[in-house]
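Have a look at the structure below before the remarks.
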Amino acid sequence: MPTITAFKSSPDKGAGLARDMRIRWALEEAGQPYGVRLVAFEDMKQPAHLALQPFGQIPTYEDGEVVLFESGAIVLYIAERNARLLSEDNVTRAKALSWMFAALNTVEPPIVERDYVKYFEAEKSWQTERFAMVDDRIRTRLDQLANVFGDATWLAGSFSAADILMVHALLCG
């Protein structure tokens, strides 16, 4: 049975925005039982955790000899073992893979940057201007996403790991 790590005391106060939620969602959709090891912030900087996640973050995934870090890689690993999360049809699979990477590398970064501006640039004289710049980038990405998505229900034909990653990226905003 795989084990994932999650915050012992989550900064989002249990709102489900931490990246372990993506893993939990994928495992639940796959019908895969799993364990959770809760780690405190100080634990994440210790050698035992750094051996699993070299950047001292969550989540991690352990299943026998398989050890993964980075939520996107973990979701992809889970999805590759479950056709409900990643189609076996090459065309549909390729579309889902593109959307998975788009969620993590195109849509999510400006959303995360907005939180950075909010919390770490709160006392800076340029915060208002930075918010305007970041908000414009977010609006552009969301408009682009809406234009491609149209009336579709799912990103790659049917529900997939791409939808998990995109929904979670959007919720983090």
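The values are calculated or read from the model by the stated rules, or taken from the named source; none is laboratory data. Keep in mind the model is a prediction, meaning the values are calculated, not measured. Please note: Cβ atoms are built from the backbone with ideal geometry, for glycine as well, and neighbour counts cover all protein chains shown. For the accessible areas, the whole protein counts, side chains as well, though only heavy atoms, and no ligand, DNA or RNA atoms are used. Shrake-Rupley method; radii C 1.70, N 1.55, O 1.52, S 1.80 Å.
Brief remarks follow.
- Applying 0.36 nm per residue to the separation of ALA48 and GLU121 and subtracting their alpha-carbon distance, the gain on full extension is 23.0 nm.
- Where chymotrypsin sites (Phe, Trp or Tyr not before Pro) fall in DSSP loop in segment 80-170, at most 11 other Cβ within 10 Å: TRP126
- For THR60, the residues whose modelled amide H falls within less than 5 Å of its own, excluding neighbours fewer than 5 places apart on the same chain, are THR5.
- Inter-site label distance for LYS8 and VAL112 at 7 Å from Cα along Cβ, in nm: 2.5
- Placing +1 on the Cβ of every Lys and Arg and -1 on the Cβ of every Asp and Glu, with nothing else charged, gives segment 1-142 a dipole about its Cα centre of roughly 260 debye.
- For segment 1-79: rounded, prolate or oblate by the Cα gyration tensor [a/c cutoff 1.5]: oblate
- Cα gyration tensor, the chain - rounded (a/c under 1.5), prolate or oblate: oblate
- Heavy atoms of the protein chains alone define the surface here; on that basis segment 45-154 has 63 Å² accessible area per residue at 1.4 Å probe size.
- Relative packing of 76-85, 61-70, which averages over residues the other C-beta atoms within 10 Å, highest first: 76-85, 61-70
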